[in-house]
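Take a look at the structure set out below.
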Amino acid sequence: MSSNPETPLLDTVDLPADLRRLAPGQLRQLADELRAEMISAVGQTGGHLGSGLGVVELTVAIHYVFNTPDDRLIWDVGHQAYPHKILTGRRSRIRTLRQGGGLSGFTKRSESEYDPFGAAHSSTSISAALGFAVANKLAGTPGKGIAVIGDGAMSAGMAYEAMNNAAEAGNRLVVILNDNDMSIAPPVGGLSAYLAKLVSSRPFLSLRDIARRLSRKLPEPLHKAARKTDEFARGMAMGGTLFEELGFYYVGPIDGHNLDQLIPILENVRDAAEGPCLVHVVTQKGKGYAPAEASADKYHGVQKFDVITGQQVKAPAKAPAYQNVFGETLAKLADSDPKICAITAAMPSGTGVDKFAKAHPERSFDVGIAEQHAVTFAAGLAAQGMRPFCAIYSTFLQRAYDQVVHDVAIQNLPVRFAIDRAGLVGADGATHAGSFDITYLASLPNMVVMAAADEAELVHMTYTAALHDSGPIAFRYPRGNGVGVELPQVPQVLEIGKGRIVRQGSKVAILSLGTRLAEALKAADQLEAKGLSTTVADLRFAKPLDTDLIRQLMTTHEVVVTVEEGSIGGLGAHVLTMASDEGLTDAGLKIRTLRLPDLFQDHDSPDKQYDAAGLNAGGIVDSVLKALRHNSAGVEEARA
């Protein structure tokens with residue numbers, strides 16, 4: 001395919017079919033242009049940068065060799081898929097990444113036929129690709145399942161569960177292990193690339209199969225010796241023994257930035273006659289952009305930044321981040337309590353556990369992307385008398401729900417769950433929203449569930465959890481910065497199941513749980529301006545409920561509104577159950593429950609997401625006025 005020398009090659013590629021018409025010698029230029037386009041776009045939108053830069057050449061090679069979208073390409077997590085989006089018909093929208101109404105920051109089935117499987121959580125790709133591959137095999141239709149999974153995602157057991165069943169797919173499954181945790185040392189050069197190309201070829205695969213069959217006819221001692229010799233030789237050259245044991249043909253490691261190596265090896269793997277293949281590709285996070293190469297951790301996820309300098313544009317913080325308040329508080333408490341320890345699942349800085357780790361490295365544990373293990377590990381620590389804090393994002397704790405129920409709650413073990421990213425999370429969207437933890441935890445016997453209204457409350461709740469030895473306890477807090485209240489120098493132990501009155505009124509009662517308290521107070525101001533005296537309570541606990549406080553407010557107010565940053569089945573459901581059980585609604589009490597809508601909200605700014613959910617001051621006022629049967633003009637006035 002020829003192109004005008006003044007026309008960038010990327011301008012001639014809208015879909016992978018266009019890419020496949022290029023000559024192999026043009027792919028290097030295309031990759032360079034693709035990398036520049038991604039840097040420019042993410043500089044304007046923010047998002048995941050380093051991981052995408054590391055797979056530019058790999059993305060080009062996969063779409064060049066395989067027949068996407070008929071060959072199903074699945075990016076594990078999906079945060080590295082920006083180059084993929086540019087090459088699959090979405091370049092014109094790439095500067096809408098993570099914006100309201102724009103492209104998702106992850107792969108999404110509804111966005112493109114080239115995203116066959118949505119992802120934003122780790123370690124699901126091999127299972128999904130296996131499903132696609134086996135479905136095609138059963139239907140007798142062409143098409144492979146291709147999973148691109150990072151070395152970090154391989155710390156999750158689900159990846160190995162899938163590989164253990166991979167033989168079902170035959171040669172229709174290709175797993176590409178994107179290893180970006182090591183440099184490309186000299187041995188991973190010409191000789192290693194030659195060996196990888198050799199073992200990926202059909203003749204070599206056929207010869208190995210013939211040799212394996214022949215060796216089975218040998219006397220058992222010779223058969224075992226032949227097998228061990230083969231495994232040892234391959235293990236020395238390529239380190240593939242583990243994957244071989246799981247039934248894969250292992251190819252690699254190869255330089256993931258060298259298209260001259262990638263293309264022929266992927267072609268050999270594509271044409272392999274038998275068995276699933278695993279291609280071990282070594283890449284560098286942030287490749288091709290100096291600031292990201294120099295600081296891979298800081299450029300994993302970025303704010304908007306200056307492309308020339310690499311400097312990220314960050315608004316000055318008015319208050320400390322909740323995660324840092326938690327981490328620093330826990331570290332101080334551990335200074336005088338040797339039983340306190342902290343566990344995180346591959347998110348030390350995201351949860352604030354890195355602060356704890358600096359002060360108490362021997363009591364800090366990053367278990368990798370293994371939330372199930374993290375929870376049961378914490379249960380074992382608790383059973384032996386330690387005071388473990390299991391710091392996990394709300395959306396990721398979902399992966400360990402069985403362990404929370406079976407290993408912690410049933411045994412009534414005092415594991416402390418520090419639940420970060422509770423509520424809506426903005427640009428990361430539905431996959432990362434902490435919408436369900438109140439519902440799935442408050443339904444469990446023995447569980448205590450707290451929600452911090454601000455950063456000072458988070459300090460108190462961390463201290464309360466540390467001293468709670470009678471069973472499991474969880475406390476949730478949102479992403480981002482606090483509201484700017486002064487942090488207490490001396491933390492308080494909160495009485496379990498007791499809330500507080502923040503503002504006293506007489507006609508309307510707003511029962512708030514979590515950081516919607518600020519909006520509840522704004523709503524009270526607006527209601528007061530309409531002559532509606534309003535009480536605001538910070539319940540602090542979703543379980544156990546402060547039944548005395550709730551009963552007192554229900555018997556002295558005309559309207560009661562619950563407000564929470566969680567799904568249906570949470571605080572509001574528990575309050576309604578209590579009111580029903582005690583017959584508190586018999587006298588005409590009006591109860592309204594405000595919660596997240598029963599849908600998966602798309603990515604946008606958090607403020608806009610909460611506006612859409614009706615969990616702002618206007619939404620609270622609207623609910624009260626409707627309960628009191630105010631006319632529509634009054635409702636519109638309240639919204640204004």
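The values are calculated or read from the model by the stated rules, or taken from the named source; none is laboratory data. This one's a predicted model, so the numbers in the text were calculated from it and none came from an experiment. Cβ coordinates were reconstructed from backbone atoms using ideal geometry, including for glycine residues, and neighbour counts include every protein chain displayed.
Within the bounds of the range 470-479, is there any residue that is in contact with a strand residue (DSSP E or B) (Cβ under 6 Å, 6 or more places away or on another chain) and part of a loop (DSSP other than H, G, I, E, B)? Write out each step before concluding.
From the range 470-479, those in contact with a strand residue (DSSP E or B) (Cβ under 6 Å, 6 or more places away or on another chain) are 473-476, 478; that's our starting set.
Now drop any that are not part of a loop (DSSP other than H, G, I, E, B), which leaves 478.
Within the range 470-479, one or more residues are in contact with a strand residue (DSSP E or B) (Cβ under 6 Å, 6 or more places away or on another chain) and part of a loop (DSSP other than H, G, I, E, B).
Take the range 319-366 and flag every residue that is in a helix (DSSP H, G or I) and of a type in the set (A, V, I, L, M, F, W, C). Within the range 319-366, Val325, Phe326, Leu330, Ala331, Leu333, Ala334, Val353, Phe356, Ala357, Ala359 qualify.
A single member of Pro388, Pro361, Pro348 is free of Cβ contacts under 8 Å to residues at least 24 places away in the same chain and either within 21 Å of the chain's Cα centre (by Cα) or buried (at least 22 other Cβ atoms within 10 Å of the Cβ) (or both), and it is Pro348. Would you point out the residue of the range 94-118, among those that are out of contact with any Lys or Arg (no Cβ under 9 Å at 6 or more places or on another chain) and not in a helix (DSSP H, G or I), that is nearest to Ile176 (Cα to Cα)? Only one residue tops the list, namely Phe106. Pro83: touching a Leu at 6+ places or on another chain (Cβ under 8 Å), part of a loop (DSSP other than H, G, I, E, B) and not charged (D, E, K, R), yes or no? Judged against the criteria, Pro83 is not a match. Here Gly484 passes the criteria (1) on the phi > 0 side of the Ramachandran plot; (2) at pLDDT 95 or above except the one numbered (2).
Entry remark, the range 363-379: residues being among the small types (Gly, Ala, Ser) and either at pLDDT below 95 or farther than 11 Å from Ala400 by Cβ (or both) number 3 in total. Among the numbered conditions (1) under 18 Å from Gly288 (Cα atoms); (2) among the aromatic types (Phe, Trp, Tyr); (3) surrounded by fewer than 24 Cβ atoms within 10 Å (Cβ to Cβ), the only one that Phe66 does not meet is (1). When restricted to residues that are part of a helix (DSSP H, G or I), surrounded by fewer than 24 Cβ atoms within 10 Å (Cβ to Cβ) and not charged (D, E, K, R), the range 397-429 contains 9.
Within the option set Ala452, Ala456, being touching a helix residue (DSSP H, G or I) at 6+ places or on another chain (Cβ under 7 Å) and either closer than 17 Å to Asp546 by Cβ or crowded, with 17+ Cβ neighbours inside 10 Å (or both) holds for one residue only, Ala452. If you go through the range 256-276 and keep only what is of a type in the set (S, T, N, Q) and either in a helix (DSSP H, G or I) or crowded, with 20+ Cβ neighbours inside 10 Å (or both), you end up with Gln261, Asn268. The lone criterion from (1) under 35 Å from the mean Cα position of the chain (by Cα); (2) surrounded by fewer than 16 Cβ atoms within 10 Å (Cβ to Cβ); (3) hydrophobic (A, V, I, L, M, F, W, C) left unmet by Leu487 is number (2). Annotation: Ala315 fulfils all but one of (1) part of a strand (DSSP E or B); (2) modelled with pLDDT under 85; the unmet one is (1). For Leu513, state whether it is out of contact with any Phe, Trp or Tyr (no Cβ under 6 Å at 6 or more places or on another chain) and either buried (at least 24 other Cβ atoms within 10 Å of the Cβ) or of a type outside the set (Val, Ile, Thr) (or both). Judged against the criteria, Leu513 is a match. If you go through the range 302-321 one residue at a time, do you hit one that is in contact (Cβ under 8 Å) with a residue 40 or more places away in the chain, within 27 Å of Ala166 (Cα to Cα) and in contact with a strand residue (DSSP E or B) (Cβ under 9 Å, 6 or more places away or on another chain)? No - not one qualifying residue is present in the range 302-321. The residues of the range 134-183 that are free of Cβ contacts under 8 Å to residues at least 60 places away in the same chain, closer than 16 Å to Leu246 by Cα and part of a loop (DSSP other than H, G, I, E, B) amount to a single one, Asn165.
From the list Asp366, Asp337, the one residue that fits, being in the same structural domain as Thr439 (by TED's automatic domain parsing), touching a Pro at 6+ places or on another chain (Cβ under 7 Å) and acidic (Asp, Glu), is Asp366. Looking at this structure, is Pro276 modelled with pLDDT of 85 or more and in the same structural domain as Ala422 (by TED's automatic domain parsing)? Against the criterion (modelled with pLDDT of 85 or more and in the same structural domain as Ala422 (by TED's automatic domain parsing)), Pro276 does not qualify.
So, Gly131, is that one of a type outside the set (A, V, I, L, M), more than 19 Å from the chain's Cα centre (by Cα), over 20 Å from Thr59 (Cβ atoms) and assigned to a loop (DSSP other than H, G, I, E, B) or not?
On the way: of a type outside the set (A, V, I, L, M): yes; more than 19 Å from the chain's Cα centre (by Cα): yes; over 20 Å from Thr59 (Cβ atoms): yes; assigned to a loop (DSSP other than H, G, I, E, B): no.
The answer is no for Gly131.
Scanning the range 70-87 for residues being surrounded by fewer than 24 Cβ atoms within 10 Å (Cβ to Cβ) and of a type outside the set (D, E, K, R) gives a total of 1.
Cβ-Cβ contacts under 9 Å between residues 6 or more apart (or on different chains), taken from a first residue in the range 500-511 that is assigned by TED's automatic domain parsing to the domain that holds Lys590 and outside any strand (DSSP E or B) to a second residue that is surrounded by fewer than 19 Cβ atoms within 10 Å (Cβ to Cβ) and among the small types (Gly, Ala, Ser), are listed as Gln504/Ser533; Gly505/Ser533; Ser506/Ser533; Lys507/Gly531; Lys507/Ser533.
Mind telling me which of the residues Thr593, Thr562, Thr577 ends up being out of contact with any Pro (no Cβ under 7 Å at 6 or more places or on another chain), without any contact (Cβ under 8 Å) to a residue 12 or more places away in the chain and either assigned by TED's automatic domain parsing to the domain that holds Val621 or surrounded by 16 or more Cβ atoms within 10 Å (Cβ to Cβ) (or both)?
Answer to the selection: Thr577.
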